[in-house]
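Visitor: Input: one structure, supplied below.
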Amino acid sequence: MNLLRFWKRRLVAAGLAAVALAAPVLPAAPLAVRAEASSSADVFTALAGVLGTAGMYSGYLAAILDAGNNAYYQEQTRRYDAYENGVDRNPKNHQIVDEVMEGLVERGTYVLDIRSLPFRWNVNNSAEFNAACFPTNYITVNKGLVVGLNGNIDEIAGVLAHEMTHGLKLHAAYNYARAAAQAFGINFLGMVTGAVRPDVVGVLADYSVAKNVILPAEYEADEGGFYLAASAGFNPGGPAAAMARMDYMTKHPDTFDRSYGADPYDHPDTDKREAKLAAMLSAYSAGHVTVRNRKEILIDSRPLLSASYSTEAYDDTPEQAYLIAGGLARAFHELATAEAWNFRPGANGRIAYLDDNRVYEYLKDAVERNHAEGELERLVRAAYAGESATGARATMRAEEQKRLAYWRERTAKNIAADKKLVERLYKNADAYNDINEPELSIEEGARTFGCDYEGVKLAGVYAVRGRAKALQGDFAGAMADCDYAASLDPNDAYVYLNRAEVQRAQGLPEPALQDINRAIALDPKAIAAHKMAADVEDELGNDSAALTHYAAYHKLLPEATDIPDKYYRRIDPKGWKRLEKEREKARKEEAKARAEKKAEEEKKKQAESKSAKPTDKKAETPERKTTGDAAKPAA
C-alpha cells in the first residue's frame, strides 16, 4: 500500500490522534539510513483542507513529544548523528564539552519536564560554528563551535546552556511539529507505528530542523541559558562573550577561515541578543555592573577600567569586557556586603580580595594590569552603601525567587503527573539499561520514586535499579534491590528476569535459569523470558533446551531475527533464507552509501581547495598569540 495514501486515510479517520509508542527492540548496528525525501506539499494541502493546519500541528506535536520521551529514540538519534555528521577525533574537544555539560547537568538549577529525557551529548565533526538540541534532549556540538570559541569553557557553557534550555522548554518538539506541518508532511507521522523506525530517527535527527529555531525561542533560550550557566558556577559574562564572538564571525567571516577550524554561521540578530545578555549580566549583579561601548566596565555608572584585546588573531575586546564584568557580577550577586569581598593587604603592597574561584580570574588579571585595586575597593564599598536607597538587591532576589518558583511549579506538576507518564520514566529506566547507560537508568528510577506513583509497580522500579547497579559493578547493591523487589511482588515475572540478568552478570547461569523459569511459570507468554532462557541454555551447551525456548520465542515474536543461525535455520528455514538475503542486500547498500558519502566528501574537499583564497602566513597560523590581556586557559 502506498505509504502516503495509507497515512492520509489513517489520520483522517483518527483525527490525528497519536498512537502510544510500544517498547521497541533496539537494533545493534548504527543506522545508515536517511528519512524519505519525498515531496508532501499535495498531501499537506489535502489534509489541511480536511483537518485544518492547527489540527495537523497538534497531531504532529503529540507524536513528537511521545517519540522525544523514548530512550531508544534518543540512542538512535545519537547513532544517526554520528553516522551523518561524524565524530570529532580530537579528545581535547570532547574533554572540554564533557566538563561543561557535566557541570551544567550536575550543578545547574533546573527541573526536567516529566515528558523529557535526561540530557546526552556528543561532539560531531562539523566545522560549522553551531550546536543543536534534538527533541530527544540529545545535544550535538559541532567541533567548529569548540574551536571557534577557542575552548573557552565559560563561553561554551553559555551556548550549551542555551541548547539545554531549548530542551527544558520543549522548543525542539514545537519546532519539529511546525516544520513537520510545513514541510515533512504525512511521512513524518510514520513514527506512531510503535517501533524504532529508520525514517523516524532520520527526521528526529535532522540537523537542519534542529538548528533552525525561531527568534522568540532563541531569546527565551538565551535567558534560560544565562541563568542555568550562572547557577552551575560558570562566568555569567560567558553568554554575552560568546554572542560577541558569533557577531564578529558573522561580520568578518574571512577572519575565521578553514585553517582556523571553524566555518562561520549566520546567527540571527546577534547584536540584539548580545545586548539582552549584557542587560541580564547587569541585573544579575543587582544592577551594579555594566559594560559600556562593549569595552568599559562600570560600577554604578562609574568607570573601573577598560578591557583590551588578548589575541592578535582578531580584536576580542568585547569578550574580555564581558568576562571581566562577569567576575564582578558574580561577586555582587553572591556577596551581600562589601566586607564579604574580604579586601585585605596582599603581596607587594597590593590589595587582595575575594577568593580563588576561577570565575574571578579575568577580573583579577585586568585589575592588576590596570593597578585598579584601590579604585575597585572604593567603588564596591560605595555600591553597597547605596543599595538601601535603591532596593537593587531586593529586586534581584525577588527576580531570583520567581525563577525558582517556576522550577518548583514544574516539580509539583511532575509529582502529580499522569500514571502513563510516570510509567514511561520506568520504561525509559529499563531502556537505558538495555543500551548500557546505567547512570541514566538510575536517574530515571529516582525521578519515578519522586512522583505520586499510585498504580505504578514499584517492584519493577527496584528491579530495574538493581540491574543498573549490576552494570556499574555493584553486585551486592544489585542483589539487594532485586531481592527487595521480589519481596514487594513475588508474582511479577519481570522482577525475576531482572534478577536473572544480575546473576548472569556475576557468572551464575544456573541461579539465573531458575529465576527465568519462575518468570515463565508466572507468564508463559513472556517473550523476553524465553529469549533469556534460550540464551542461557545455549551458553550451558544444552542445545535441545535452547532450541525449545528459541522456538517459543520465535512463535511469540515471528519477526525476531536475533536467534543464532544454528537454531534459526531449524526453526524457520524459509525465514532464515530470507534473512540471509536481506543481510546481503543490507551489506551492499551500506557499502554503497559509505562509498557515496566518501565520494561526496572528496568532491567537497576538492571544491574547497579550488575556491580557497590565498592568505598570508600570519592568518594561516591557528595558534593564539597574546598581547595586552593574557589569554585564559581553556579549562
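Bear in mind these aren't lab numbers, they're just calculated from the coordinates by the rules spelled out. Being a predicted model, the structure only gives us computed values, none of them experimental. Note that we place each Cβ from the backbone using ideal geometry, even for glycine, and neighbour counts take in every protein chain shown.
Visitor: Check each of the trypsin sites (Lys or Arg not before Pro) in region 328-369 and keep only those in coil by DSSP with at most 14 other C-beta atoms within 10 angstrom; list them in order.
Guide: 350
Visitor: Ordered by residue, what ³J(HN,Hα) values in Hz, to whole numbers, does region 82-95 give under the Karplus form 6.51 cos²θ - 1.76 cosθ + 1.60, where θ = phi - 60° and Gly and Pro are x?
Guide: The phi angles translate into 5, 6, 6, 10, x, 10, 4, 8, 8, x, 5, 5, 5, 4 Hz.
Visitor: Hey, another quick one. Using the number of other C-beta atoms within 10 angstrom as an exposure proxy, rank 288, 171, 252, 94 with the fewest first.
Guide: 252, 94, 171, 288
Visitor: Check cross-link reach from residue 566 to the aspartates and glutamates: straight Cα distance under 17 Å, and skip same-chain residues fewer than eight apart.
Guide: Reachable aspartates and glutamates: 535, 537, 538, 539, 543, 580.
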